[in-house]
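Report on the following structure.
Bear in mind these aren't lab numbers, they're just calculated from the coordinates by the rules spelled out. Values in this document were obtained by computation on a predicted structure and should not be read as measured data. Note that each Cβ is placed from the backbone with ideal geometry, even for glycine, and that neighbours are counted across all protein chains shown.
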Amino acid sequence: MTTFKHIIKTFDYEIVFANETWLKDTTTDNMILTTHIIHRKDRLDSRGGGVLIAVKNTIKSIRQEKLESNFIEMICVELKLSNKRYLLVSVYIPPPKVTMSFNDCLSSLDSFLIQDSLNVYDNIIIQGDFNINCHQPISSQNATDLLSLFATNGFSQLIDKSTYRLSNSIIDL
């Protein structure tokens, strides 16, 4: 946690996304950061997992639990900046066979993306660890299906370099 706090303080990040936080309810928000409002969804039933969005105290943020899926680890936070509404979404999908199938995860994501309630947002930013290699050229049907789901709903993939230091893969989008 000390390294995490040091990085946030050094670079003065206003918004931080984190996946696989491994946090439990014994970790208070103030133990994570005191300069940010912490929005988090811990995995309580087993080890690992968890998602978090930290927003600097100077920015108004509201968690939107009603938009979150009960089937995948996700958290949604709304920001209002310069008369615009933004939705920040952090998603963690464990490696296949850990929980539900990847197709079930995609189905939950698709159900989230087609909600009419998302139309009120000027911009939606989805960040996550999907545990699927999306490096070009695409080598799996799961990666093709994931990128197609996002493209169909008007999202663009911004990451074009490896996100996993031990291989040439993009598993974090």
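Using only side-chain charges placed at the Cβ, +1 for Lys and Arg and -1 for Asp and Glu, the dipole size of the chain relative to its Cα centre rounds to 480 debye. Scalar couplings 3J(HN,Hα) for segment 143-152, obtained by applying the Karplus form with A = 6.51, B = -1.76, C = 1.60 to θ = phi - 60°, are 5, 4, 5, 5, 5, 5, 4, 5, 4, 4 Hz; x denotes Gly and Pro.
Based on other C-beta atoms within 10 Å, arrange LYS5, LYS161, LYS41, LYS84 from fewest to most.
Details: LYS5 14, LYS161 7, LYS41 21, LYS84 10.
Least crowded to most crowded, the residues run LYS161, LYS84, LYS5, LYS41.
Straight distance only, please: which aspartates and glutamates reach the Cα of LYS84 with their own Cα at less than 14 Å, same-chain residues fewer than 8 apart left out? Within the straight-line cut-off, LYS84 pairs with ASP122.
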